[in-house]
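> One structure follows; several queries about it will come next.
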Amino acid sequence: MSNQATMINGSPSNSYDRNIDLKAFDETKTGVKGLVDAGSEKIPSIFVRPPEDLSEDFDTCQEDLAIPVIDLTHVRQRNSQGEEIIRRVIWASEKWGFFQVVNHGVPLEVLDKVIEGVKMFHEQDAEVKKEFYTR
């Protein structure tokens, strides 16, 4: 990553150019796992939000947070239930970026094979994975 990025009290300095470090990070094509594998002990500036972007009322101790769970039982119905599922998927995607899906009908064996495949991919040499790096 670029040496031009300097940190002051955990935040990028005024002379920090995020685009330079972002470009350098992307050019490695190893992602965050590449940082971990390289033994990086500091969070790169590209992942630190500037203080002015942080809300003063941001509650990091909120206890009533729960990952959205979406039940796909009625997703194929062309009625209000099906439409509500679609609205929930959109909401969860926009607000959370992820969600848990239940009653999707995918057999456990298939899910296990998907997880196995993902693990196998991530355990490959970094040079092999670079071919698939995108953002």
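> So which GluC sites (Glu not before Pro) in region 30-106 end up in coil per DSSP with only 12 or fewer other C-beta atoms within 10 Å?
On the way: sites: Glu41, Glu52, Glu56, Glu63, Glu83, Glu84, Glu94; in loops: Glu41, Glu56, Glu63.
Here the sparse-neighbourhood loop sites are Glu41, Glu56, Glu63.
> Just flag the chymotrypsin sites (Phe, Trp or Tyr not before Pro) in region 78-131 sitting in loop per DSSP whose Cβ has no more than 14 other Cβ atoms within 10 Å.
Numbers: sites: Trp91, Trp96, Phe98, Phe99, Phe121; in loops: Trp96, Phe98, Phe99.
Passing both the DSSP loop test and the Cβ count: Trp96, Phe98.
> Mind checking which lysines have their Cα closer than 26 Å to the Cα of Lys130? Skip sequence neighbours fewer than 8 apart in that chain.
Hits, sequence-local ones excluded: Lys23, Lys29, Lys33, Lys42, Lys113, Lys119.
> Turning to a different aspect of this structure: Towards the positive end of the charge dipole of region 79-129, with charges on Cβ (+1 Lys, Arg; -1 Asp, Glu), say which of Gln100, Ser80, Val114 has the farthest Cα.
Ser80
> Using R₀ = 35 Å, calculate the FRET efficiency as 1/(1 + (r/R₀)^6) where r is the Cβ-Cβ separation of Val118 and Ile20; round to 0.05. Walk me through the intermediate numbers first.
Working: r = 32 Å, r/R0 = 0.90.
Step by step, r from the Cβ atoms, then E = 0.65.
Since every read-out is calculated from the coordinates, none of them should be taken as a lab result. What you are looking at is a predicted structure, and each value in this text was computed from that prediction instead of being measured. Every residue, glycine among them, receives a Cβ derived from its backbone with ideal geometry; neighbour counts consider all protein chains shown.
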